[in-house]
Structures are given as structure tokens and as C-alpha cells.
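Engineer: Encoded as C-alpha cells, here's the structure I'll be asking about.
The values are calculated or read from the model by the stated rules, or taken from the named source; none is laboratory data. Here the structure is a predicted model, which means the values were calculated and not measured. Note that each Cβ is placed from the backbone with ideal geometry, even for glycine, and that neighbours are counted across all protein chains shown. Remember, those area values only see protein heavy atoms, side chains included, never the ligands or the DNA or RNA. Shrake-Rupley method; radii C 1.70, N 1.55, O 1.52, S 1.80 Å.
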There are 2 protein chains.
Amino acid sequence: MPLFYQPLIPEGIRSLEHEESRHAVKVLRLKSGDPLQLTDGKGSLYKAVVTEISKSSCHFSISETIRIPERNFSIHVAIAPTKNTDRMEWFVEKVTEIGIEEISFIQCENSERMVINMERITKKAISAVKQAGQVRLPTIHPISNIETIIAQPADQKFIAHVDHNNPKHLKEAALQSNYLVLIGPEGDFTQQEIDKATEKGFEKVSLGPSILRTETAGLVACHILNLINT
Amino acid sequence: MPLFYQPLIPEGIRSLEHEESRHAVKVLRLKSGDPLQLTDGKGSLYKAVVTEISKSSCHFSISETIRIPERNFSIHVAIAPTKNTDRMEWFVEKVTEIGIEEISFIQCENSERMVINMERITKKAISAVKQAGQVRLPTIHPISNIETIIAQPADQKFIAHVDHNNPKHLKEAALQSNYLVLIGPEGDFTQQEIDKATEKGFEKVSLGPSILRTETAGLVACHILNLINT
């Protein structure tokens with residue numbers, strides 16, 4: 001059954017937004033009386049029925065609300081945006097499919113991009129949530145400097161960085177908890193950035209033997225933390 | 001130091017191919033006497049020096065050959081191509097970065113695409129090998145039917161499919177060995193395809209609680225097997 005996204009259900013809205021309506025009418029050819037499922041992206045799944053449908057609108061009534069509990073761990077990945085925006089959109093899509101609670105973008109000294117198109121990125125996340133049958137849209141923060149990022153609270157804080165001190169693999173370092181992982185830019189974190197993070201309690205970790213692109217490193221970190229906990 | 005790809009080094013070739021030469025000259029602005037590293041994609045890393053360089057050619061001499069041993073496990077993922085070719089190219093890039101020995105494409109009953117552009121896919125793999133500083137290009141097979149795929153030898157054979165028999169998670173099922181994992185199309189494997197595979201010794205496995213797109217499932221399977229072994 002198709003899953004639709006309507007964040008304003010808790011506020012009483014019982015119709016789909018423009019693009020979702022179009023999809024319901026033109027692609028899925030839903031008719032009055034057809035069942036559908038919806039999520040508000042905030043943890044609820046709604047079973048509903050189409051009550052009225054036209055070329056550009058789709059109204060529904062809700063028959064059942066199922067509240068899905070939060071996971072007993074949470075993942076926050078803060079990543080330096082890649083020069084190529086496709087790679088960041090891809091990253092957001094994939095971590096949303098696999099499971100993530102929060103995504104941040106870091107302005108690093110070696111960052112090649114300092115701007116994030118929040119609208120496009122959010123659309124990718126919504127589409128991935130629907131695709132994966134999930135009920136929670138990750139919180140996506142606008143880009144901010146590393147000082148703001150490393151001041152965020154988390155039970156376990158990691159910075160993906162391999163140096164001669166031979167850091168532990170993330171899979172050995174992580175316990176079940178609320179995680180924040182920092183992923184550096186293509187030119188890596190500067191020593192000053194690493195020092196700032198370690199002073200704030202971030203532990204250096206490895207993500208395995210391969211040299212990974214930024215977006216691959218972000219995905220791999222998120223997948224490791226999911227695997228440990230599920 | 002830049003890593004170049006020249007598969008014909010074992011055959012005595014000591015110059016870069018056209019695109020690699022262009023990259024050396026135009027982007028990296030290498031000059032005669034500059035050091036470079038090369039791989040043949042077959043397990044060797046070569047330390048070399050530029051001997052002669054022009055607008056369209058780059059000759060080198062090899063000073064040292066380092067043979068990198070094979071991994072003590074191997075991963076072969078056979079995947080049904082997605083309708084969107086970008087998603088398959090992305091899959092090949094990411095699994096090559098993370099580490100994989102063989103990639104096959106399966107013609108399934110529910111496949112939306114039956115053609116693979118081997119040249120484009122191979123270019124993606126070469127670029128990922130260089131990016132990740134690896135010395136082995138995965139073997140990429142042209143698309144073939146499921147009977148051919150499931151007749152391939154492997155120590156442990158898995159088919160990613162969740163049903164009411166509640167299959168084990170891949171991370172619990174896999175031992176250190178040579179793996180072959182089948183990843184189905186967007187419309188999933190048919191029951192007949194699953195039966196054929198299980199008759200040939202394939203074990204049904206889950207890849208986690210999320211509903212993943214085909215290319216994400218392929219990546220996640222490859223990453224799990226890498227994580228178990230490294």
C-alpha cells in the first residue's frame with residue numbers, strides 16, 4: 001500500500017500537499033474509497049481512506065493512528081559537504097533509508113562547499129522515508145561551523161580520522177547509546193579541528209581499511225552504528 | 001601521491017593511456033622526473049618516475065613493484081539492475097571503494113532493466129579503485145540469467161529475502177569465507193527464483209529492519225561482509 005507524507009496531520013490537515021496529490025491521482029490513480037497510509041514524519045503511521053479526489057487534491061479520513069516507538073539509540077552524523085551536491089543528496093537518501101535521527105553539515109577549513117540547498121536535501125529525505133516505509137524524518141540542520149557542531153550533546157562522540165595513534169575501529173568503540181559522528185571534508189580535518197573535537201570529548205575512530213570518499217564514510221559510519229544496535 | 005591505472009604494465013607497457021595521460025598533464029601538471037604510483041588492477045602497486053611527458057602522452061619507468069596479497073575472504077555480489085542506470089553506477093563505485101572481488105548482474109523475472117553498459121560501469125570501478133588507493137579492480141561480469149549466477153562456486157551463498165520463515169541477519173549467518181550474495185530487483189525475486197536458489201544451497205538472509213532500495217541492499221550486504229572480516 002502506498003505511503004504518503006503529510007507533516008500537518010497532527011494540526012488537523014486531512015488532505016495531501018500538491019506533489020503528493022499529483023502522485024496519488026496521476027501515478028497511483030487512487031479513487032474515492034481507496035485505502036492509503038500516511039506518516040507525519042514524527043513517528044505516527046495513519047491508516048486512512050480517500051474521501052474526495054480531483055485532478056489536484058486528495059482528501060482522506062483517518063481510521064487508525066499507530067504510534068511507532070523511537071529507537072533505543074540515536075545516530076547523528078555531521079558531515080562536511082562535498083563539492084558535488086549530488087553526492088550529498090545521495091548521502092542523505094541512503095542514511096535515511098538505513099536509519100538516522102539527525103544530519104548536520106559542517107563548515108570545515110578544507111571544505112570545498114559552504115552552502116547546502118536545504119529544500120532539495122529535505123525532499124530527498126522525505127522521498128527516502130516513504131520509500132523505506134519509515135515514520136520519522138531525520139532532523140536536518142543547516143550548515144554551521146565546527147564549534148557549534150561539537151558543542152551538541154551526545155552520549156558517545158566520534159571523529160572519523162586515522163593517524164599514527166592508530167585509532168580503534170568504530171565497531172569496537174561504540175556502545176548502545178546516542179551517537180554523534182563527525183565526517184571530514186575531502187581534504188580532511190585540520191589538526192586544529194581535530195584538537196578542538198578531542199578536547200570536547202570526541203574519540204578518533206577508523207571506519208575500516210579503505211580510503212573512503214566523504215559521502216561513503218558518512219554512510220559507512222551510519223551503517224556500522226545501525227548494525228551494532230539491530 | 002597520485003595513483004594511476006595501467007592494466008598492461010605486466011605486458012611491458014610503460015606509458016599511460018589517453019585519459020590518464022591527460023589527467024597527469026592537464027590536471028596534475030606532472031613533469032619529467034616527478035614520482036607517481038600505478039596499479040595494474042591485478043594486485044600490484046608500482047612506484048615509478050615520469051621519463052617523458054607531452055600534451056597527450058606520459059611515459060614512466062618503474063623503480064619498485066609491490067605485490068599486495070589477496071584478502072583472506074572474498075565477496076561476490078550479484079544484483080538485479082535498477083531501472084535507473086545511475087543507481088547501478090553508484091552501487092559499483094561504492095562497493096569498489098568499500099572492497100569487493102566480483103560483481104554480477106542478474107536478469108530476474110521482475111527486472112526492469114536487462115542491459116548493462118559494461119564500459120561505463122568499468123570506468124566507474126577504475127575511478128573508485130584509484131580513489132580508494134586499491135590495487136585490485138573487481139571482476140565485473142556481463143548480465144546473465146539466474147541459473148548461470150546460482151551455478152557459480154562459493155563457500156557461503158546467500159539470497160537477500162525476508163519472508164515469514166524469519167531469516168537470520170546476514171551478520172549472524174556469515175563466517176569468514178568466499179561469499180556470493182544475491183540481491184533482487186525492485187519487484188523482488190519470484191518464489192520460483194527463490195526456490196531455485198535455495199535448492200542450490202543459498203540461505204535466505206535479512207539485511208536489517210529497513211526496507212532498502214536494490215542498490216542500497218547490495219551496498220549494505222557488501223559492507224556487512226567486509227565488517228565481519230576486517
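Conditions (1) open to solvent by less than 10 Å² (accessible area, probe 1.4 Å); (2) in contact with a helix residue (DSSP H, G or I) (Cβ under 7 Å, 6 or more places away or on another chain), marked per residue:
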| site | (1), (2) |
| --- | --- |
| B:Leu3 | no, yes |
| B:Ile13 | no, no |
| B:Ser21 | yes, no |
| B:Lys26 | no, no |
| B:Leu30 | no, yes |
| B:Gln37 | no, no |
| B:Ile53 | no, yes |
| B:Cys58 | yes, yes |
| B:Pro69 | no, no |
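Engineer: Test B:Leu175 against the stated conditions and say whether it is buried (at least 21 other Cβ atoms within 10 Å of the Cβ) and either touching a Gly at 6+ places or on another chain (Cβ under 7 Å) or not assigned by TED's automatic domain parsing to the domain that holds B:Pro7 (or both).
Structural biologist: Criteria not met by B:Leu175.
Engineer: Follow-up. Go through segment B:189-230 and count every residue that is more than 12 Å from chain A (Cβ to nearest Cβ), touching a helix residue (DSSP H, G or I) at 6+ places or on another chain (Cβ under 9 Å) and not in a helix (DSSP H, G or I).
Structural biologist: Qualifying residue count, segment B:189-230: 7.
For every residue, the table says whether it meets (1) in contact with a Pro (Cβ under 9 Å, 6 or more places away or on another chain); (2) of a type in the set (Lys, Arg); (3) in the same structural domain as A:Phe202 (by TED's automatic domain parsing); (4) under 30 Å from A:Phe189 (Cβ atoms).
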{"residue": "A:Leu30", "(1), (2), (3), (4)": "yes, no, no, no"}
{"residue": "A:Asp34", "(1), (2), (3), (4)": "no, no, no, no"}
{"residue": "A:Leu38", "(1), (2), (3), (4)": "no, no, no, no"}
{"residue": "A:Lys42", "(1), (2), (3), (4)": "yes, yes, no, no"}
{"residue": "A:Ile53", "(1), (2), (3), (4)": "no, no, no, no"}
{"residue": "A:Ser56", "(1), (2), (3), (4)": "no, no, no, no"}
{"residue": "A:Thr82", "(1), (2), (3), (4)": "yes, no, yes, yes"}
{"residue": "A:Asp86", "(1), (2), (3), (4)": "no, no, yes, yes"}
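Engineer: Any residue at all in segment A:77-88 that is open to solvent by less than 30 Å² (accessible area, probe 1.4 Å), assigned to a helix (DSSP H, G or I) and within 30 Å of A:Ala174 (Cα to Cα)?
Structural biologist: Filtering segment A:77-88 for residues open to solvent by less than 30 Å² (accessible area, probe 1.4 Å) gives A:77-82, A:88.
Applying the additional criterion that residues be assigned to a helix (DSSP H, G or I) yields A:88.
Still in the running and within 30 Å of A:Ala174 (Cα to Cα): A:88.
Checked against the condition, which is being open to solvent by less than 30 Å² (accessible area, probe 1.4 Å), assigned to a helix (DSSP H, G or I) and within 30 Å of A:Ala174 (Cα to Cα), segment A:77-88 yields at least one hit.
Engineer: While we're on this one: For segment B:180-208: of the residues being aliphatic (A, V, I, L, M) and farther than 19 Å from B:Glu93 by Cα, which is surrounded by the fewest Cβ atoms within 10 Å (Cβ to Cβ)? Outline the logic, then answer.
Structural biologist: Step one: filter segment B:180-208 for residues aliphatic (A, V, I, L, M), giving B:180-183, B:194, B:197, B:205, B:207.
Next cut, farther than 19 Å from B:Glu93 by Cα only: B:194, B:197, B:205, B:207.
On the way: B:Ile194: 18, B:Ala197: 22, B:Val205: 23, B:Leu207: 26.
Restricting to residues being aliphatic (A, V, I, L, M) and farther than 19 Å from B:Glu93 by Cα, the top hit is B:Ile194.
Residue-wise test of (1) within 14 Å of chain B (Cβ to nearest Cβ); (2) part of a helix (DSSP H, G or I); (3) within 17 Å of A:Ala221 (Cβ to Cβ); (4) modelled with pLDDT under 90.
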{"residue": "A:Pro142", "(1), (2), (3), (4)": "no, no, no, no"}
{"residue": "A:Glu147", "(1), (2), (3), (4)": "no, yes, no, no"}
{"residue": "A:Ile159", "(1), (2), (3), (4)": "no, no, yes, no"}
{"residue": "A:Val162", "(1), (2), (3), (4)": "yes, no, yes, yes"}
{"residue": "A:Tyr179", "(1), (2), (3), (4)": "no, no, yes, no"}
{"residue": "A:Glu186", "(1), (2), (3), (4)": "yes, no, yes, yes"}
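Engineer: Given the criteria open to solvent by 60 Å² or more (accessible area, probe 1.4 Å) and in contact with a Lys or Arg (Cβ under 7 Å, 6 or more places away or on another chain), does B:Ile211 qualify?
Structural biologist: Against the criterion (open to solvent by 60 Å² or more (accessible area, probe 1.4 Å) and in contact with a Lys or Arg (Cβ under 7 Å, 6 or more places away or on another chain)), B:Ile211 does not qualify.
Engineer: Would you confirm whether or not segment B:131-140 contains a residue that is open to solvent by less than 30 Å² (accessible area, probe 1.4 Å) and touching a Pro at 6+ places or on another chain (Cβ under 8 Å)?
Structural biologist: no
Engineer: Among the residues of segment A:98-152, write down those that are on the phi > 0 side of the Ramachandran plot and touching a helix residue (DSSP H, G or I) at 6+ places or on another chain (Cβ under 8 Å).
Structural biologist: Of everything in segment A:98-152, just one residue is on the phi > 0 side of the Ramachandran plot and touching a helix residue (DSSP H, G or I) at 6+ places or on another chain (Cβ under 8 Å), namely A:Gly99.
Engineer: Identify, by number, the condition in (1) open to solvent by less than 30 Å² (accessible area, probe 1.4 Å); (2) charged (D, E, K, R); (3) modelled with pLDDT of 95 or more that B:Lys42 doesn't meet.
Structural biologist: Here B:Lys42 clears every test but (1).
Engineer: Name the single residue, out of those in segment B:103-118 being more than 13 Å from the chain's Cα centre (by Cα) and part of a strand (DSSP E or B), that is farthest from A:Val220 (Cα to Cα).
Structural biologist: We begin by selecting, within segment B:103-118, every residue more than 13 Å from the chain's Cα centre (by Cα); these are B:106-117.
Keeping just the survivors that are part of a strand (DSSP E or B) gives B:106-107.
Details: B:Ile106: 25, B:Gln107: 28 Å.
Among those residues, the one meeting the criterion is B:Gln107.
Engineer: If only one of A:Ile121, A:Ile100 is open to solvent by less than 30 Å² (accessible area, probe 1.4 Å), over 19 Å from B:Ile211 (Cα atoms) and either in a helix (DSSP H, G or I) or in the same structural domain as A:Cys222 (by TED's automatic domain parsing) (or both), which one is it?
Structural biologist: Testing whether each residue is open to solvent by less than 30 Å² (accessible area, probe 1.4 Å), over 19 Å from B:Ile211 (Cα atoms) and either in a helix (DSSP H, G or I) or in the same structural domain as A:Cys222 (by TED's automatic domain parsing) (or both) leaves just A:Ile121.
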